[in-house]
Amino acid sequence: MADPVPANFLLWAAALPCRVDGAVRVVASKTRRRTIMNYTLTLTRWHKVAQRINAALKEREANVKTAFTATAISPWNKEGIEEKAADIARRAAESLAIIEAGALAVAAIRAALAVKNAQLGIAGRLAEVEAANRRAALYKAVIDGQKPDMVQPENVRALPGELIGESESWGFARRAAVAVTLQTADAALLDSLRERLAREQARATRLLDEIADLNREKIEIAVPQDVVAIAGLG
């Protein structure tokens, strides 16, 4: 693990992650000083932290938009309006700064997770799980789609004549044939699909267990101190 970043400040900016001695760090471009804190958490925890920050940012974004675009007053309520407007603008500006820092923090977390996921092979396993689930879903749909009233092709000629009825249409008699659903999947195919379904389900479960184990790996990421509270890290 690389040497920790001092917790006094970080030149924080929109940046791409890079590897330094095996650790994921952030390279700053357009910079400004921000107090930061370093946290070492599991990959699973970092995913939850990013989700938590995003949820908090959405609420603050709505409040900032309202403050700067939809702050309404009553025409007769003029007492102290300058102070109230200044307070609203100040709080909105503070929220705006947190939103900016939070967005950068989420980007840094996701970038660090992407690098670590690639190192551990998590992305490849997730792709395999998706493929296995897709195959399993198709097998299950075919198996579950078999119905008792399906007719095997060789038995169609033996269908009773009563399956053809009479109906009236616009006053004229016409013959209406009852639709018959053919059973085009024979017993051997269905047995094979059941075996393949069980195999793919077991494969997906095994891969998900491996992913869960890998997600217990820990990485260190720097988080701006003004984002710590909404990230649930305080």
How far, in nm, would the chain grow between Ala202 and Leu159 when pulled straight, counting 0.36 nm per residue and subtracting the alpha carbon separation?
11.3 nm
Length added when fully stretched, Gln119-Lys84, from 0.36 nm per residue minus Cα-Cα
7.4 nm
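Cut-off is 10 Å between beta-carbons; in what order do Met150, Met37 appear when sorted fewest neighbours first?
Lowest to highest Cβ neighbour count: Met150, Met37.
Would you mind calculating the gained length between Ala185 and Lys218 on full extension (0.36 nm times residue separation, minus the Cα-Cα distance), in nm to one decimal? Before the final figure, lay out the partial values.
On the way: separation 33, 0.36 × 33 = 11.88 nm, distance 4.92 nm.
Length difference between fully extended and current span is 7.0 nm.
Which entries of Lys58/Lys78; Lys58/Lys116; Lys48/Lys116 show an alpha-carbon separation above 20 angstrom in the structure shown?
Details: Lys58/Lys78 32 Å; Lys58/Lys116 27 Å; Lys48/Lys116 16 Å.
From the list (Lys58/Lys78; Lys58/Lys116; Lys48/Lys116), the Cα-Cα distance tops 20 Å for Lys58/Lys78; Lys58/Lys116.
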Proxy exposure order for Val156, Val227, Val151 (fewest C-beta within 10 Å first) is Val156, Val151, Val227
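Computed from the coordinates by the stated procedures, all read-outs in this text should not be read as laboratory data. Since we're looking at a predicted model, the values are computed, not measured. Every residue, glycine as well, gets a Cβ built from its backbone with ideal geometry; the counts of neighbours run over all protein chains shown.
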